[in-house]
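The block underneath contains the structure these notes are about, expressed in structure tokens.
Readers should treat all values here as calculations from the given coordinates under stated rules, not as data from a laboratory. Everything quoted here is computed from the prediction, not taken from an experiment. Quick reminder, even Gly has a Cβ in these numbers, built from the backbone with ideal geometry, and neighbours come from all protein chains shown.
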Amino acid sequence: MSARNTRPLIHRLLFGSRHSLWLLLFCLVTSPARAEIVWHWKDAFTAEEKTKLTRWVSETTAAVEQHVAPFPFDLHIFFYRRQSQREPVPWANTRRSGIQGVNFYVDPDYPLQAFLDDWTAPHELSHLLIPYLGRQHAWFAEGFASYMQFQIMQQMGVLSAEQVQARYRVRVERAARRYRYDDRPFAEAALRLRENSEYPTMYWGGAVYFLDVDKQLRKDGISLRSVLTDYVRCCRVRNHDLEALTQELDRLSRTKLFSETLADNRLQTGFPAFQHLMQ
């Protein structure tokens, strides 16, 4: 085709349908950027070990994004080698300063399935779905990640719905039995729980908040999952504190459930009521 004949065609493609052009531009501008995973190898790993570990984290990240929404930022994953451990991931923690990522301390001698069956990556990656809220609100952040870890493991096909509910029940009931601050609201007592290294009690007491909110949302035909999807898509890149976060979740759900349930945890003494959530 000659240059003389191609010019009208190009003109028609670009300007013949203004609606199509504006639609294309709108999609390019508003489509959320997909995260890339940036790998950091802080110790020596073989090529085979790297393949196994990257597959584990990639599959877990995909499950988080399928369950909620794509992360709107790159994920930085750091691997540290630990030998002769009793579990594949003896320790992990998030990175929140400047980048969003996770430090994984791993024993690469374990097979891939042992990593996929482990709760650590679903827990830590779930943390990144909401902003860092500060040490004083660790009960909320850890409760969120603890709630989410089994949701993600179900998304991965590691757990069934029945197994998820059974695990919630066991862990929340154990936390309630160990709770020793019946004269204090849970949000206040959580500071003492952290100081005393009573982490499971703090984590699973915090998870009750999300079990409660999800059950109440479902009465209105929505779910915590759907609200989180909207939040990550619209607002995750903002630096919300706890109050701003719950207000944003209230707005997206068109309820007051997030802020009202937070107030309950700050005012009502004793371990959060949970029996009605386990039915």
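The table below gives the values:
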| quantity | calculated |
| --- | --- |
| For TRP91, residues with placed amide H under 5 Å, excluding near neighbours | TYR105 |
| Dipole axis of the chain (+1 Lys, Arg; -1 Asp, Glu on Cβ), positive-most option in THR261, THR201, ILE37 | ILE37 |
| Karplus-derived 3J(HN,Hα), 6.51/-1.76/1.60, for each residue of region 75-90, Hz, glycine and proline x | 9, 9, 10, 10, 10, 10, 8, 9, 9, 6, 9, 7, 8, x, 10, x |
| Once the Cα gyration tensor of region 37-127 is diagonalised, semi-axes √(5λ) in Å | 20, 14, 12 |
| For the chain, built as a Gaussian network whose Cα springs stay under 10 Å, the top-fluctuating residue of ARG236, ARG254, ARG171 | ARG254 |
| Volume per residue that the Cα convex hull of the chain spans, once the total is divided by residue count, Å³ | 187 |
| Distance between region 207-279 and region 149-164 - C-alpha centres, whole angstrom | 21 |
| For the chain, built as a Gaussian network whose Cα springs stay under 10 Å, the top-fluctuating residue of THR255, THR120, THR201 | THR255 |
| Summed side-chain charge close to ALA63 - residues other than ALA63 whose Cβ falls under 14 Å, Lys, Arg +1, Asp, Glu -1 | -3 |
| Residue among VAL172, VAL64, VAL38 with the largest mean-square fluctuation in a Gaussian network model of the chain, springs linking Cα atoms under 10 Å | VAL38 |
| P(r) tail fraction, region 60-99 - alpha-carbon pairs more than 16 Å apart, % | 54 |
| Normalised contact order of region 26-153, rounded percent, pairs of Cα under 8 Å and 6 or more residues apart | 24 |
| Column: log10 I(q)/I(0), Debye, Cα scatterers of region 137-277, q = 0.20 Å⁻¹ | -1.30 |
